[in-house]
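The values are calculated or read from the model by the stated rules, or taken from the named source; none is laboratory data. Keep in mind the model is a prediction, meaning the values are calculated, not measured. All Cβ positions, glycine included, derive from the backbone under ideal geometry; neighbour counts span all protein chains shown.
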Amino acid sequence: MSEKFLILTVDDNPNNLFVLNALLSGLPNVELVEAASGEAALSICVTRDVHLILLDVQMPVMDGYETAQHLQMIEKTRNIPIVFITAVFKNEAFIQRGYAVGAVDYLTKPIDDCMLLNRVRHYQHLRKRELELKEKTISLEKTTKLLEQAQSLLVGKVRKSTADLQTLLDAALEFTIVSTDTAGNITTFNHGAELMLGYKANEVLGKSPTIWHLEEEVAAHAIDLSEFLCRPIEGFETFVAVARLNGSSVSNWTFVRKDGTRFLVSLVVSLVLDENGEHVGFLGIARDISAQVEAESNLLKLNQQLDQRVKERTEQLQNALDHLQQTQNKLVESEKLAALGVIVAAVAHELNTPIGNCITAVSTQADLSLAFEEKLDSKAPLRRSELSGFVTSTRLAIEIIERGLRRASELVNGFKQIAALHSGLEKHQFNLSNTLHHILADIKAHVESNGYQIELDVPASIHMHSYPDALGQIIRILISNSTVHGYEGKAQGLIQIKAEIKNEQVELVYRDFGKGLSEEVRKHIFDPFFTTRLGQGTNGLGMTTCYNLVTGPLQGIIDLDSSEGKGVCFTLLLPVDAHCESGSGVTS
């Protein structure tokens, strides 16, 4: 049985499909197929031999319930096991609706990975048993052909070919083959019947097959047949009544061996006709199904035990999840308070210098003004040098206060810019190469005049639907950091900017070859107010702005690779169309 177990996962969320396929791909002899909608699932099921469907309930256009209903209406797909998976429709009414449209299972999230894998293995095992039964059916059909040949020999040639027929029947050792006349007396009893029932042929010939049947079981079958056929049925007629009407019948019975042991069989009874089409007797073929029934019973028990274990494990996991969420909420609150403390300290530190300078200048000038006022009140002679000194000190104080207030204003505006980063940005269709050339046009003249070179390698074929102003702001910040920090103390340097399409995303790589970053700096590079030039005119918000722009409006990921002495390399992965609502993150 080399056929792979084909599982169809149906979900309009590609992340859910990825998680399911990653989990199920480890199962042996399994093939996975994805569908993002109910319509796609129907198309796949019609064209492929799907063995199991994991179906999301909540989907646009055609939801899971409608999809299952359509599958039930198609002959080929009617018997495919459907397992509903949902994180929303969890109450009993939705679950009952799922079973009503043909589901064999209804799982609600969060789902234990082990539980889902066990469920899938269960249906894979059932599929394996089905294939085994098919193989046995083929074997049975081959034997049936032999029996048909035997039956053809029986028709009109019973007396002439008894020895040859008995030899043929005895070759079928796995089956009990018994023929009777129209009155129910045994005329043929093969070697397989001897092995299965423990009787010798000479012990049963001329007797009724009822000797290896349970009286109470025969009586119960007789009552059911009497109601079904609307006429009294009893004795040997219980075995052959349906065969008289249809030519053959199939039913399950309990046989009793000569030693008293019991076993289950599947019994096929057929009419025997002579060469003129006259009814001359019956042919019964029985197959031992005890092992099959026991295996199915054990499988059912195992499934029930599995359901109980899964239920218990789910409760344990839910309790653990609740506890984890409580702990996580407390941790988040703690981290928020810690982060707020860092930000407040950084803002206070940045504003303290210009405001402190202003206060010093004001207090100093206040003292000078008071002394000057006392000089005037004393009506003492005022020298020109004293007046000139007071005017000079006043002008210097005003200059200090003006610089301090302007620096404080710049810092506040920088903080406001971080708080309202997305405002004013407009989304456009643009060519990446043209946009970057335009951005660099205002920068290159100044940068290259100071000994730095910028190399741009961007194919003209890349088009984006995103925020070019945000991209421009990022490039300017990175170039400024390279010239101010990366190539500090160097008269020249090289900056490279490259881009290409990878997996339907734009990979934009920015690189310089300056002094690079230490491990400690690299860890905090995206933290707000972090700077290596404290008190030298930088506020530590540049890389925070880059991070927020990349993961915010541009909906991308920014990755940093750097070490001391080897420059920096920023890799930006940006969607061609920035249509999502939240950013992706940062790795370093």
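Evaluate the following for SER266: is it in contact (Cβ under 8 Å) with a residue 12 or more places away in the chain and either among the β-branched types (Val, Ile, Thr) or in the same structural domain as LYS200 (by TED's automatic domain parsing) (or both)? For SER266, the condition - in contact (Cβ under 8 Å) with a residue 12 or more places away in the chain and either among the β-branched types (Val, Ile, Thr) or in the same structural domain as LYS200 (by TED's automatic domain parsing) (or both) - is met.
All conditions but one from (1) in contact with a strand residue (DSSP E or B) (Cβ under 8 Å, 6 or more places away or on another chain); (2) assigned to a helix (DSSP H, G or I) apply to GLU34; the one that does not is (2). The condition of being assigned to a helix (DSSP H, G or I), modelled with pLDDT under 90 and touching a strand residue (DSSP E or B) at 6+ places or on another chain (Cβ under 7 Å) holds for ALA193.
Summed over the stretch 74-98, the residues that are loosely packed, with under 13 Cβ neighbours inside 10 Å and in a helix (DSSP H, G or I) give a count of 3.
Quick check on LEU17: is it touching a helix residue (DSSP H, G or I) at 6+ places or on another chain (Cβ under 7 Å) and either assigned by TED's automatic domain parsing to the domain that holds LEU126 or of a type in the set (A, V, I, L, M) (or both)? Answer is no for this residue. The single residue among ILE186, ILE223 that is at negative phi and either within 60 Å of the chain's Cα centre (by Cα) or surrounded by fewer than 14 Cβ atoms within 10 Å (Cβ to Cβ) (or both) turns out to be ILE223. Looking at the stretch 276-290, is at least one residue among the aliphatic types (A, V, I, L, M) and not in a strand (DSSP E or B)? Yes, because at least one residue in the stretch 276-290 is among the aliphatic types (A, V, I, L, M) and not in a strand (DSSP E or B).
Residues that are farther than 15 Å from VAL256 by Cβ and touching a strand residue (DSSP E or B) at 6+ places or on another chain (Cβ under 8 Å) were ranked within the stretch 201-220; the one that is modelled with the lowest pLDDT is ALA201. Among the candidates ASP56, ASP12, the residue that is among the acidic types (Asp, Glu), closer than 22 Å to PRO110 by Cβ, touching a residue at least 12 places away in the same chain (Cβ under 8 Å) and surrounded by fewer than 22 Cβ atoms within 10 Å (Cβ to Cβ) is uniquely ASP12. Among the residues making up the stretch 229-288, those that are among the basic types (Lys, Arg) and either closer than 22 Å to GLN149 by Cβ or out of contact with any helix residue (DSSP H, G or I) (no Cβ under 7 Å at 6 or more places or on another chain) (or both) are ARG231, ARG244, ARG262, ARG287.
Checked against (1) at pLDDT 95 or above; (2) more than 33 Å from the chain's Cα centre (by Cα), VAL509 passes all but a single condition, namely (2). In the stretch 240-265, of all residues being among the polar types (S, T, N, Q), modelled with pLDDT of 90 or more and assigned to a strand (DSSP E or B), the one that is surrounded by the fewest Cβ atoms within 10 Å (Cβ to Cβ) corresponds to ASN252. Taken across the stretch 377-395, residues that are modelled with pLDDT of 80 or more and within 30 Å of ALA470 (Cβ to Cβ) do not occur at all. Could you tell me whether VAL101 is crowded, with 17+ Cβ neighbours inside 10 Å and touching a residue at least 12 places away in the same chain (Cβ under 8 Å)? Considered against the rule, which asks whether it is crowded, with 17+ Cβ neighbours inside 10 Å and touching a residue at least 12 places away in the same chain (Cβ under 8 Å), VAL101 comes out as yes. Filtering the stretch 475-521 to residues that are surrounded by 15 or more Cβ atoms within 10 Å (Cβ to Cβ), farther than 21 Å from GLN453 by Cα and free of Cβ contacts under 8 Å to residues at least 60 places away in the same chain leaves only VAL521.
When residues in the stretch 340-374 are screened for being at pLDDT below 75 and either of a type in the set (D, E, K, R) or over 55 Å from the mean Cα position of the chain (by Cα) (or both), 1 of them pass.
Here LEU23 passes the criteria (1) within 25 Å of ILE74 (Cβ to Cβ); (2) touching an Asp or Glu at 6+ places or on another chain (Cβ under 8 Å); (3) part of a helix (DSSP H, G or I) except the one numbered (1). A single member of ALA286, ALA220 is closer than 13 Å to SER179 by Cα and either among the small types (Gly, Ala, Ser) or not assigned by TED's automatic domain parsing to the domain that holds ASN190 (or both), and it is ALA286. Within the stretch 383-403, the set of residues being farther than 18 Å from ASP367 by Cβ and either in contact with a Cys (Cβ under 9 Å, 6 or more places away or on another chain) or surrounded by 12 or more Cβ atoms within 10 Å (Cβ to Cβ) (or both) comprises GLU402, ARG403. Can you run down the residue pairs with Cβ atoms below 7 Å, 6 or more apart or on separate chains, where the first is in the stretch 446-457 and more than 16 Å from HIS485 (Cβ to Cβ) and the partner is of a type in the set (Lys, Arg) and assigned to a helix (DSSP H, G or I)? Partner pairs satisfying both residue conditions: ILE454/LYS444.
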